[in-house]
């Protein structure tokens, strides 16, 4: 009687299934082409899955402008944000090609993505223009300053016109008196002919961008996603002119705080206020300055300014309020001295959001110490790290990276380390058999990931499984042949 082989064959099949080919990590992306806005950060959420639950890590290359923020990490899944530094004007119109790599103990994979930075036309900038009070027969020239990020000042168009007047036509004459387009300065001359209240509008216009974004459908994305366009834009500002028979300076009637010299601790909030009146009932303009720089403009009879003082960048601060009726000016100042002890314990109101580039090439530490490119304290710390890792002699190296705060908190709180010890290799590459950093990125495994891609990623576990599978298949065939011959 011939023995039945199916039960044994089924058992062998189950055994083979345990050594089946391992799966590779899989990226989950909404798309592979993304758009970003000029003057903004790019951010896109992504995840990587590995059903074998042996996921090691992920990387983006190059990493000088784009970074991966890891939100969650487990052997099964990594969830991360692909973020960028804030794009500048020089980035507009560029397409950044990125390579995302993921490696696990049983495989590796990569995805190529493209980030297109849309250029947009920003409206020109125009300085605030204070209101004026003139007597009949007087003329005054008002300086205005203008600029544009995309259009040269020489190509900007400056215009001035009379918008509204309470007297008969001809009560106020408005004209351009001259300009220095090279520095973006113009003069508006107003001449009073008759008493009344007038409003003057000054506008500056650019020419728009010379070319559209080159990608198909980019215009729609620019409008919907960036709320912008490439078309010509204008910026206009109005100011009032009051023509009177006689004018006197405004009078400051109340200030707060009353003391002009104040002391404060870090992050103390101080409220400043000024009240004024004008004999001719002219509308008053309030100009606030902090350490000589304009910070607020307001109209009315009372103006307030609230300031939370930080120790950065100054320990001493001067607050000045100017009151003008359009012709005469009065001012009041306060001097705020911050307590240095409280500055040493300054709280961080803004929470930094740190991202870092990949580590740079590992340099030989002994040479860096010879030429004193590192401080002694940093050198000693790196030597201790090398000793812990048994990196002796020339093998003891160091590498640095750059870290950036996306929230621009102006604080170093929580900043990651920017240097570390490493194993020095004279000429690191994708074929030296070592995991290192070179060519603007870091490998995730020896000669695998980052600047090397995943083509050379070795998979010893998968190779072992394949070898065992071959042995089992051969063994199974031999067993089946033997069983087939049993009577």
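We did not get these values from a lab; they are worked out from the coordinates using the rules stated. Values in this document were obtained by computation on a predicted structure and should not be read as measured data. With ideal geometry, Cβ positions are generated from the backbone for all residues, glycine too; neighbour counts draw on all protein chains shown.
How far, in degrees from 0 to 90, does helix 460-484 lean away from the longest principal axis of the Cα atoms of the chain, to the nearest 10? Once rounded, one gets 30 degrees. Axis angle, to the nearest 10 degrees, between helix 6-17 and the longest C-alpha principal axis of the chain: 40 degrees. Rg/Rh, computed from the Cα trace of segment 354-452 with Rh as the Kirkwood radius, has the value 1.00. Computed over segment 354-452, relative contact order equals 33 percent, with contacts defined as Cα pairs under 8 Å that lie 6+ residues apart.
Does segment 251-344 come out rounded, prolate or oblate, given a ≥ b ≥ c as the square roots of the eigenvalues of its C-alpha gyration tensor, rounded meaning a/c under 1.5 and, failing that, prolate meaning a/b above b/c? Display every interim value, and only then the final one.
On the way: a/c = 2.89, a/b = 2.39, b/c = 1.21.
Since a/c reaches 1.5 and a/b is larger than b/c, the shape of segment 251-344 is classed as prolate.
You can think of it this way: the chain between residue 281 and residue 234 has 13.6 nm of extra reach, that is 0.36 nm per residue less the Cα-Cα gap. When the alpha-carbon atoms of segment 10-120 are used, the pair Rg, Dmax equals 17.6, 66 angstrom.
Report, in deg cm²/dmol and to the nearest 500, the calculated mean residue ellipticity at 222 nm for the chain, where each DSSP H run with n ≥ 4 adds -39500 (n - 2.57) and the sum is divided by the residue count. List each step's numbers first, then the result.
Values: 6 runs with 69 residues, N = 487.
Computed mean residue ellipticity for the chain: -4500 deg cm²/dmol.
Taken over the alpha carbons of segment 156-310 as equal point scatterers, the Debye sum produces base-10 log I(q)/I(0) values at 0.11, 0.12 Å⁻¹ of -0.76, -0.85. Our estimate of slack between residue 388 and residue 201, defined as 0.36 nm per intervening residue step minus the Cα-Cα distance, is 60.2 nm.
Sorting 230, 320 from the fewest to the most surrounding beta carbons within 10 angstrom yields 320, 230. Using C-alpha pairs below 8 Å separated by at least 6 residues, the relative contact order for segment 10-120 is 33 percent. Each of residue 74 and residue 368 was given a label point 7 Å from its Cα along the Cα-to-Cβ line. The distance between the two points is 3.8 nm.
Could you work out the relative contact order of the chain? I mean the mean sequence separation of Cα pairs under 8 Å and 6+ apart, divided by the number of residues, in percent. Mind showing how you got there, number by number?
Details: 1095 pairs, mean separation 71.2, N = 487.
Answer for the chain is 15 percent.
Computed over segment 57-141, the alpha-carbon pair-distance distribution with 5 angstrom bins reads 3, 9, 16, 14, 11, 8, 6, 5, 4, 4, 4, 4, 4, 3, 2, 1, 1, 0, each value a whole percent. With N as its number of residues, segment 119-191 has a Cα radius of gyration that, divided by 2.2 N^0.38 Å, comes to 1.29.
For the chain, the longest principal axis of the C-alpha atoms and the axis of helix 376-388 are separated by about 20°.
Of the listed values (i) 105, 45, 41; (ii) 130, 55, 41; (iii) 60, 44, 43, grab the one calculated as Cα extents along the principal axes in Å from the structure here. Recomputing Cα extents along the principal axes in Å here picks out (ii).
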